[in-house]
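Written out below as structure tokens is the structure these notes cover.
The values are calculated or read from the model by the stated rules, or taken from the named source; none is laboratory data. This is a predicted model, so every value here is computed, not measured. Don't worry about glycine lacking a Cβ; one is built from the backbone with ideal geometry, like all the others, and counts go over all protein chains shown.
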Amino acid sequence: MPLEFGLWRVDDKPVRVVTRPMPLESRLEGLIEADPGILGTPLMLIGRQVPTSHGKFVDLLGMDAEGSLHVLELKRDRTPRDVVAQLLDYGSWVQELSNEQVRDIYGAYARERNLPEELDEAFALRFGGSPPEALNSTHSLTIVASEVDAATERIVGYLASGFQVPVNVLFFRYFEDGGRSYLARTWLIDDAEAAAPSAGAKARGKQEPWNGTDWYVSFGDEREGRNWDDARRYGFVSAGGGEWFSRTIRSLPVGARVFTHIPKVGYVGVGTVSGEAQPFEDALLTVDGEEHRMAELPLTGAYRPAGPDAPQDGEDRREWIVPVTWERAVPRERALWRPGFFANQNSACKLRARFTLDEVSHHFGVADGPGGA
């Protein structure tokens, strides 16, 4: 049984506030949409009355900060078997939604409500960061009701505890006092006892498709000893100071298109990798049609060559240089940043974030697609 509680007004002596049946249970849908925080879980709604491929409509569809989807279904006047069966049917549909389909659902919802049309931007405004690469890696199913019968409680408890189905019931209690109305909530199954998504469900996480060409590069300048003006002028990106920092940038293939980002500043350049990664002391760069050793160029940055002063701990701390032919590169003062843009701690990784790709390509006037031009 769910935790039951009462409400008392204590201005003078304790007076219990009367619990009432909610005048219109369907009104809950609008209240939740107006403030998803009343659910007790930080959510961003991405759809209301969402049509499924089975000819039904999900009352509310939300997303949490981990990119997991939350199906919220009002009980209304359906029987226990009907409401639970319907919710499980929705679960079978939700688990197959691709990254693109999730984004399309949000886009349709946003256009009707004058919200930011890009999920990445809305996600950043709600949660303070870009969404995970894999959306819908897990999902949960919730019956929203003012009350349910014992049969529904037994069915939900059986599925959650016996078969780890991520299903629960969220009760709302409705109170009236002195012409004012109040809502209170409680869950059928405590969070600590709720079913955790299975490993198999996590393995079905959906990422945005990768076009096979575009990469993200993090160019940590200034504090790390690099200088973005050097990189713009001589055509390169770099990383180093340890194996973890240089491993990913060494994997950049020749011909890859790189979207270069300065942490906490923004995107500053788009270009094509024109040579294999080399340590600073061996790196060759083409400047004005002539090849030069990077170590002999007039550089502002203090790069990390190998030498007797390097720590003798076996760690490869060299700065690795990757030659790049810039399509467009701007000073750091003209960097582009918008809420929802992709950012990552890796020095380089595949860039799948369509919102970032589209906005940066458009802003810098470069072709949007594999290979750039």
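Would you confirm whether any residue within region 62-81 is over 15 Å from Ser140 (Cα atoms), in contact with a Gly (Cβ under 8 Å, 6 or more places away or on another chain) and surrounded by 17 or more Cβ atoms within 10 Å (Cβ to Cβ)?
no
Cβ contacts < 6 Å: first residue of a type in the set (Phe, Trp, Tyr), restricted to region 337-352; second residue not in a loop (DSSP other than H, G, I, E, B), any location; separation 6+ or different chain. Result?
Trp337/Gly266; Phe341/Thr356; Phe342/Thr356
What pairs come out if I take residues in region 70-97 that are modelled with pLDDT under 90 and pair them with residues that are in a loop (DSSP other than H, G, I, E, B) and buried (at least 21 other Cβ atoms within 10 Å of the Cβ) whose C-beta lies under 6 Å away, six or more apart or interchain?
Pairs that qualify, where the first residue is modelled with pLDDT under 90 and the partner is in a loop (DSSP other than H, G, I, E, B) and buried (at least 21 other Cβ atoms within 10 Å of the Cβ), are Val83/Lys75.
Identify all residues within region 165-174 that are assigned to a strand (DSSP E or B) and at pLDDT 85 or above; write none if there are none.
Val167, Asn168, Val169, Leu170
Checking Tyr158 against (1) among the hydroxyl-bearing types (Ser, Thr, Tyr); (2) touching a Leu at 6+ places or on another chain (Cβ under 9 Å); (3) farther than 30 Å from Thr356 by Cβ, only one condition comes out false. Which one?
Status for Tyr158: all satisfied but (2).
Among the residues of region 165-182, which ones are within 29 Å of the chain's Cα centre (by Cα) and not hydrophobic (A, V, I, L, M, F, W, C)?
Pro166, Asn168
Please specify each residue of region 33-59 satisfying the condition of being assigned to a helix (DSSP H, G or I) and either buried (at least 19 other Cβ atoms within 10 Å of the Cβ) or at pLDDT 95 or above (or both).
Of everything in region 33-59, those that are assigned to a helix (DSSP H, G or I) and either buried (at least 19 other Cβ atoms within 10 Å of the Cβ) or at pLDDT 95 or above (or both) turn out to be Pro36, Leu39.
Within region 277-299, can one find any residue that is acidic (Asp, Glu), surrounded by 22 or more Cβ atoms within 10 Å (Cβ to Cβ) and part of a loop (DSSP other than H, G, I, E, B)?
No: region 277-299 contains no residue that is acidic (Asp, Glu), surrounded by 22 or more Cβ atoms within 10 Å (Cβ to Cβ) and part of a loop (DSSP other than H, G, I, E, B).
Looking only at residues in region 85-107 that are loosely packed, with under 14 Cβ neighbours inside 10 Å and among the small types (Gly, Ala, Ser), which one is nearest to Gly157 (Cα to Cα)?
Ranking the qualifying residues of region 85-107, first place goes to Ala85.
Which residues, counting only those in region 325-351, are in contact with a helix residue (DSSP H, G or I) (Cβ under 8 Å, 6 or more places away or on another chain), crowded, with 17+ Cβ neighbours inside 10 Å and under 20 Å from Gly255 (Cβ atoms)?
Matches in region 325-351: Trp326, Glu327, Ala329, Ser347, Ala348, Leu351.
Which count do you get for residues in region 238-255 that are outside any helix (DSSP H, G or I) and either of a type in the set (Ser, Thr, Tyr) or closer than 16 Å to Cys349 by Cβ (or both)?
Of the residues in that region, 5 qualify.
If you take the residues of region 114-158 that are of a type in the set (S, T, N, Q) and touching a strand residue (DSSP E or B) at 6+ places or on another chain (Cβ under 9 Å), which of them is nearest to Arg27 (Cα to Cα)?
That would be Ser146.
Can you name every residue in region 127-164 that is surrounded by 19 or more Cβ atoms within 10 Å (Cβ to Cβ), under 11 Å from the mean Cα position of the chain (by Cα), outside any strand (DSSP E or B) and not hydroxyl-bearing (Ser, Thr, Tyr)?
The answer is Pro131, Glu133, Asn136.
For every residue, the table says whether it meets (1) part of a loop (DSSP other than H, G, I, E, B); (2) among the aliphatic types (A, V, I, L, M); (3) modelled with pLDDT of 85 or more.
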| site | (1), (2), (3) |
| --- | --- |
| Thr19 | no, no, no |
| Glu25 | yes, no, no |
| Leu31 | no, yes, yes |
| Leu61 | no, yes, yes |
| Glu66 | yes, no, yes |
